[in-house]
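A short write-up of the structure that comes next.
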Amino acid sequence: MQVPQISVFLENKVGRMAEVTEVLAANEINIIALSVADTSEFGILRLIVNKPEVAYEKLKGEGFTVMTNFVVAVEVDDTPGGLARILRTLTDASLNVEYMYAFVERSTGRAALIFRFDKEGEAIKVLQAAGVNILQKVDIFQN
Amino acid sequence: MAIWDPSNETMPRSRLADLQNERLVAVVKRVYDKVPFYRDRFTSAGLTPSDIKSVADLQKIPFTTKEDFRSQYPFGLLAVPKRDVVRIHCSSGTTGKPTVVGYTRKDLDTWSGLVARFLAAAGVTADDTAQIAFGYGLFTGGFGLHYGLEKIGATIVPASSGFTERQLRLMCDFGVTVLICTPSYALYLGEAAVNMGLQEQLKLRVGCFGAEPWTDLMRESIEAKLGILATDNYGLSEVIGPGVAGECTERRGHHIFEDHFIAEIIDPETGQVLGEGQTGELVLTSLTKEALPVLRYRTRDLTALHSEPCACGRTFVRMDRVHARSDDMLIIRGVNVFPSQIETALLEVEGTEPHYQIIVDRAGGMDILTIEVEVNPELFRDEMKAMVALEEALLNRLTNTIGMRPKLRLVEPKSIARSEGKAKRVIDKRKQ
Ligand SMILES: [Zn+2]
């Protein structure tokens, strides 16, 4: 139901992000989705990868501050208003989105979203009740 | 407020001078006979005990320093046979060996009485319930305060350090009226009490704080949050522990218990003795310690002495609250800042010890204080909201503690250079 996400603390140094991707590449880890949140001083890089456990260990071994948590991946209808419908469903249920980012699900070529919810369990129920397709781990990692 | 030992604490200065002279001559003779270290020092200086006839001759005696304690580690400075020592305490040895001190049974009794003096001066009585949130152990704070409170007859809650929620719960449940801890922990407890909505349930009225320098800003903040009169006391383990000096409720400095200690102020650079009211390094000579007397011990604490009479009736000189140590203080925009304060503040926010570095620079004639804190896995969150909240919490804590708003930078682990396993804490670019 939930998808493991790797987060990395980055000082805004040129090349730091490149170093993360190099560590992943060297260990044959594919990046499926990523997002960066930053202030002028530091950033949080969030990654969905095909081998999260390996990614976590390797990045930690390289001295990065890294953590794993679980996020929710949701398929978005390929029709006008697809995203709007999902967000409306969440808003109506008074569910807060901590952050979200988009990616393309390779097996279907369809748009998908990663959500970090405050109340995750509740959010999943509400979305399922509204007929939204919540992606399983396998959907993402089969590629 | 009651004076614990009125016959001594209010003794006329002339009688005090006689007492000091008599006790100094005796202690000099004793350490010369019993402690090879002092005998060698006297010999190198061309002195014999007969050269010290009164306090006026004190300046002839060489200083004793923390390094001397280290070179005599562990028991070289003892003036009694080991079998007469009933207790050992040490200072924290953050650099090099710890400094070891011993106490005879009589020393413990003297110590208890001295702590009772400053507790009584702060208004503590047998009717009080006092919670000791100092660690009990090698550090002199926990036991020292414990003995003094027992002497006074207060009800002691020996909570020791840490477990903030439990500390507050005990204070509420037991109706604790007196809080004993470091000022920074008092501030932290105050903030926790506010956050937990416990302010109304607290019965605290007096705080007796010590063991670290603190600011007036902290004092105001502690008093407001805990609803107490916050008093400071002074001491150091090399001399006896807490109980060298304490504030009376006039709060115009700390009365030094001069029947047991002689205080001098020196220029830390030249060693010259300074006059009344001039700020310099405090030097203490213990007059009554049996197990480990010290002659002219350099405390590295900067203060000044004042002898005009105090409204409380005590005749002892007063020393200013110690704001600074001669060896590690930074002066930033005129404000004295200590690495130890910054460390304490950081520790308090998350309960973990983050690696940090203090960088002082100057731009446009202005000092700039930047504190870099390494983000370890305990501090890291995937949500920006949480990271920004952490940054704010750290900044507020630091600002409260040091009395000015620094710049804060969250940095990656290991980005702060370490040498010999220990990070270099302070980089003062103004000096480069
Ligand atoms: Zn007074």
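Computed from the coordinates by the stated procedures, all read-outs in this text should not be read as laboratory data. Please read these numbers as outputs of a predicted model, since none were measured by experiment. Cβ atoms come from the backbone with ideal geometry, glycine included; neighbour counts cover every protein chain shown.
The largest-to-smallest principal axis extents of the Cα set in chain A are 43, 33, 26 Å. Taking only Cα atoms, what is the 0 to 90° angle, nearest 10, from helix B:105-121's long axis to the longest principal axis of chain B? The answer is roughly 60 degrees. A straight line joining the Cα centroids of segment B:204-269 and segment B:46-85 runs 26 Å.
Axis of helix A:82-92 versus longest Cα principal axis of chain A: the two differ by about 80°, to the nearest ten degrees.
Once a ≥ b ≥ c are taken as the square roots of the eigenvalues of the Cα gyration tensor of the protein assembly as shown, is the result rounded (a/c under 1.5), prolate (a/b larger than b/c) or oblate (a/b not larger than b/c)? Taking the square roots of the gyration eigenvalues as a ≥ b ≥ c, the protein assembly as shown is prolate. Based on Cα atoms of segment B:17-139, Rg over Rh with Rh as the Kirkwood radius reads 1.03. Annotation for segment B:76-181: chymotrypsin sites (Phe, Trp or Tyr not before Pro) lying in DSSP loop with at most 15 further Cβ atoms inside 10 Å of their Cβ are B:TYR136, B:PHE163.
Can you give the longest run of chain A that contains no GluC sites (Glu not before Pro) sitting in a DSSP loop with at most 14 other Cβ atoms inside 10 Å? Answer from the scan: A:63-143. Work out which trypsin sites (Lys or Arg not before Pro) in chain A are exposed loop sites (DSSP not H, G, I, E or B, at most 15 other Cβ within 10 Å) and give the longest gap free of them. The longest uninterrupted stretch comes out as A:14-105. Ordered by the number of other Cβ atoms lying within 10 Å of each residue's own Cβ, fewest first, B:HIS260, B:HIS89 fall into the sequence B:HIS89, B:HIS260.
Each residue in B:ARG83, B:ARG314, B:ARG381 was given a count of other beta-carbon atoms within 10 angstrom of its own, and listing them fewest first yields B:ARG83, B:ARG381, B:ARG314. Assuming charge only on the beta carbon of Lys and Arg (+1) and of Asp and Glu (-1), the dipole of chain A about its Cα centre is about 160 debye to the nearest 20.
Counting only DSSP H runs of at least 4 residues, each contributing -39500 (n - 2.57), and dividing by the residue count of chain B, the helix-based mean residue ellipticity at 222 nm comes to -10000 deg cm²/dmol.
Look at the dipole of chain B built from charges on Cβ: of B:TYR32, B:PHE174, B:SER14, the Cα furthest out on the positive end belongs to B:TYR32. Over chain B, the ratio between the Cα radius of gyration and 2.2 N^0.38 Å evaluates to 1.01. Each Lys and Arg adds +1 at its Cβ and each Asp and Glu adds -1 at its Cβ; summed about the Cα centre, segment B:1-139 shows a dipole of about 520 debye. Dipole of chain B computed with +1 at Lys/Arg Cβ and -1 at Asp/Glu Cβ about the Cα centre; of B:ALA192, B:THR43, B:MET319, farthest Cα towards the positive end is B:THR43.
Given +1 at the Cβ of Lys and Arg, -1 at the Cβ of Asp and Glu and no other charges, the dipole of segment B:256-337 around its Cα centre is 200 debye to the nearest 20. Which of the aspartates and glutamates could a cross-linker span from A:LYS119 if the Cα-Cα distance has to be under 17 Å and same-chain partners fewer than 8 positions apart are dropped? By straight Cα distance, A:LYS119 reaches A:ASP92, A:GLU98, B:ASP382, B:GLU383.
Close Lys pairs in segment B:1-325, defined as Cα atoms under 24 Å apart and 8 or more places apart or on different chains, number 27.
If you take every residue apart from A:LYS58 with its C-beta less than 14 Å away from the C-beta of A:LYS58, what net charge results, scoring Lys and Arg +1 and Asp and Glu -1?
On the way: positive: A:LYS51, A:LYS60; negative: A:GLU19, A:GLU22, A:GLU28, A:GLU53, A:GLU57, A:GLU62.
Its environment carries a net charge of -4.
Projecting the Cα atoms of B:THR125, B:THR299, A:VAL76 onto the dipole axis of the protein assembly as shown, where Lys and Arg carry +1 and Asp and Glu carry -1 at the beta carbon, places B:THR299 farthest toward the positive end. Sorting B:CYS312, B:CYS172 from the fewest to the most surrounding beta carbons within 10 angstrom yields B:CYS172, B:CYS312. When the Cα centres of segment A:92-122 and segment A:16-60 are compared, how far apart do they sit, in Å? Taking the Cα centre of segment A:16-60 as reference, the centre of segment A:92-122 is 19 Å away. Summed over qualifying helices (DSSP H, 4 residues or more, each -39500 (n - 2.57)) and divided by its residue number, chain A shows a 222 nm mean residue ellipticity of -9500 deg cm²/dmol.
Using only the alpha-carbon atoms, how far is helix B:216-226 inclined from the longest principal axis of chain B? Give it as 0 to 90 degrees, nearest 10. The answer is roughly 70 degrees. Using Cα centres only, tell me the gap between segment B:119-144 and segment B:1-41 in whole Å. Going from one Cα centre to the other spans 26 Å.
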